[in-house]
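Notes follow once the structure below has been shown.
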Amino acid sequence: MGFTCGLVGLPNAGKSTIFNALANAGARVESYPFCTIEANIGTVSVPDQRLDRLATLFPEKEKIPTHLEFIDIAGLVEHASDGEGMGNQFLAEIRAVDAVLHVVRCFEDPNVAHVTGTVDPARDIGIVETELLLKDHETLGRVAKRLHQEVKGTDRKAPARAEAWDHLLDAVAAGQPIRSLPVDHAIEDLLRETSPLTAKPSLFVANLGDAGDNASAEAVVRAAEERGTEAIAIRGRLEAEIAEVAGSPEERANYLHEYGLERTGLDALARAGYRLLDLVTFFTFEGPEVRAWTVPRGTTAPDAGGKIHSDFAERFVVAEVMNLEDLLEVGSEKGLRDAGKLHRSGHDYVVADGDVIRFVCA
Ligand SMILES: Nc1nc2c(ncn2[C@@H]2O[C@H](COP(=O)(O)OP(=O)(O)OP(=O)(O)O)[C@@H](O)[C@H]2O)c(=O)[nH]1
Ligand SMILES: [Mg+2]
């Protein structure tokens, strides 16, 4: 699994439409708010041309890409944190994801009601962010009470912990998302366990109209820049329709090309998500599979091996690392070995994006 993304946004922003565009999943889409009640979950292969090219060397092997999981959550409205609309149900679902995709309506359509009357991305973003912050304030506040109780006990670290937590709580009350704040070492673990919503890395998805030339999208790009993150523009309905009618990836690419699109929303999103979460991909061709794997940047070779097989990490001897371009040029692992271009790397080796690796284990 690459990572899990939760789609959040106002009702009728087009979350389920975007979900269908990404996951080709046939989730229910309606022009009235709160169409989605139970979350839709979809898993998709991450498109990666490097894997496709590597697989050309092993036509007999099965090609296995890495996967992304999307969770399409019920829309949230003003006062959702107090139970308004679908209320708090969305929160547990967001807590479980690695990244939040904040879907913002940019398309104009008189047939699709807007919960606040007009298309206004900056305002809509503010509403959703405020709800997430309010919910975090409540969650952190509960923990703060406990920490203040602990100050009265014997744990000498308790006062520092309570103080650091209060700082965080004040910043959240002032409207700062936790992801933008420095976190004191004393509360790092506790914060991770609490899993606040605004601590999640977040990307914006501007849901454009079918023509794609939507001026409102600029407001989403600006909001993303102000927050130090990225915005991806997707023509949600168009891509969802293409995903539905196209029988194969090639057909899908042809349709997209007809509409002047170079890549799918999924492709753009996967790239942005890997950047956001600082993930890298490596490849293997062990046994009957040519396969892509996702790990956090900085992962050492034994830990990367551990992804493949739990005991690879302990039995690790050496990683034989190949450069994909070299491998494609020479045409075989043996050729690469003979040319002295196969690098034997030890326990400290940090896996680089695009490495092709054979793990040698005891
Ligand atoms: N014109 C137009 N309509 C769109 C576009 N994207 C989505 N819609 C329509 O907007 C309506 C709402 O879309 P959904 O995907 O159900 O919205 P949602 O955010 O999942 O809504 P909830 O589940 O109610 O929170 C549907 O009628 C869609 O067909 C678009 O790009 N253009
Ligand atoms: Mg929906």
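The values are calculated or read from the model by the stated rules, or taken from the named source; none is laboratory data. None of the values given here were measured: they were computed from a predicted structure. Cβ coordinates were reconstructed from backbone atoms using ideal geometry, including for glycine residues, and neighbour counts include every protein chain displayed. In case anyone asks, the SASA skips ligands and DNA or RNA and just uses the protein heavy atoms, side chains included. Shrake-Rupley method; radii C 1.70, N 1.55, O 1.52, S 1.80 Å.
Laid out as a table, the results:
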{"item": "Pairs with Cβ under 6 Å, 6+ apart, first in region 341-360 and in the same structural domain as P302 (by TED's automatic domain parsing), second among the β-branched types (V, I, T) and assigned to a loop (DSSP other than H, G, I, E, B)", "result": "V351/T299"}
{"item": "Boolean, N24 is open to solvent by less than 30 Å² (accessible area, probe 1.4 Å), within 16 Å of ligand 2 (Cβ to nearest atom) and not aliphatic (A, V, I, L, M)", "result": "no"}
{"item": "Output for region 327-351, where each listed residue is touching a Leu at 6+ places or on another chain (Cβ under 7 Å) and within 15 Å of F282 (Cα to Cα)", "result": "L327"}
{"item": "Qualifying residue in region 265-274 (condition: open to solvent by 50 Å² or more (accessible area, probe 1.4 Å) and under 17 Å from L68 (Cβ atoms))", "result": "yes"}
{"item": "Residue check, E60 among the acidic types (D, E), in the same structural domain as A206 (by TED's automatic domain parsing), open to solvent by 60 Å² or more (accessible area, probe 1.4 Å) and away from ligand 2 (no atom under 16 Å from the Cβ)", "result": "yes"}
{"item": "Complete set of residues in region 1-47 that are more than 7 Å from ligand 1 (Cβ to nearest atom) and either polar (S, T, N, Q) or touching a Pro at 6+ places or on another chain (Cβ under 6 Å) (or both)", "result": "T4, N20, N24, N40, T43, S45, V46"}
{"item": "Output for region 215-228, where each listed residue is out of contact with any helix residue (DSSP H, G or I) (no Cβ under 6 Å at 6 or more places or on another chain) and either open to solvent by less than 30 Å² (accessible area, probe 1.4 Å) or within 16 Å of ligand 1 (Cβ to nearest atom) (or both)", "result": "A215, A217, A224"}
{"item": "Every residue from region 121-141 that is under 29 Å from N214 (Cα atoms), in contact (Cβ under 8 Å) with a residue 40 or more places away in the chain and open to solvent by 60 Å² or more (accessible area, probe 1.4 Å)", "result": "A122, T130"}
{"item": "From the options G9, G85, residue that is buried (at least 19 other Cβ atoms within 10 Å of the Cβ) and modelled with pLDDT of 80 or more", "result": "G9"}
{"item": "Flag if G260 is assigned by TED's automatic domain parsing to the domain that holds E239, open to solvent by 30 Å² or more (accessible area, probe 1.4 Å) and of a type outside the set (D, E, K, R)", "result": "yes"}
{"item": "Set E108, E69, E78: member being more than 16 Å from ligand 2 (Cβ to nearest atom), more than 23 Å from E244 (Cα to Cα) and open to solvent by 30 Å² or more (accessible area, probe 1.4 Å)", "result": "E78"}
{"item": "In region 155-168, the residues that are in contact (Cβ under 8 Å) with a residue 12 or more places away in the chain and surrounded by 17 or more Cβ atoms within 10 Å (Cβ to Cβ)", "result": "R161, A162, A164, W165, L168"}
{"item": "Per-region count, region 184-198, residues outside any loop (DSSP other than H, G, I, E, B) and in contact (Cβ under 8 Å) with a residue 60 or more places away in the chain", "result": "2"}
{"item": "Flag if D353 is touching a strand residue (DSSP E or B) at 6+ places or on another chain (Cβ under 6 Å), open to solvent by 10 Å² or more (accessible area, probe 1.4 Å) and closer than 27 Å to D98 by Cβ", "result": "yes"}
{"item": "Total residues in region 275-303, condition within 18 Å of P65 (Cα to Cα) and either in contact with a Lys or Arg (Cβ under 9 Å, 6 or more places away or on another chain) or open to solvent by less than 10 Å² (accessible area, probe 1.4 Å) (or both)", "result": "17"}
{"item": "The one condition in (1) over 22 Å from the mean Cα position of the chain (by Cα); (2) closer than 27 Å to G209 by Cβ; (3) modelled with pLDDT under 90; (4) within 16 Å of ligand 2 (Cβ to nearest atom) that T36 fails to fulfil", "result": "(1)"}
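Yes/no per residue for (1) in contact with a helix residue (DSSP H, G or I) (Cβ under 7 Å, 6 or more places away or on another chain); (2) modelled with pLDDT of 95 or more; (3) not assigned by TED's automatic domain parsing to the domain that holds A231:
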{"position": "K135", "(1), (2), (3)": "yes, no, yes"}
{"position": "L147", "(1), (2), (3)": "yes, yes, yes"}
{"position": "H167", "(1), (2), (3)": "no, yes, yes"}
{"position": "S180", "(1), (2), (3)": "no, no, yes"}
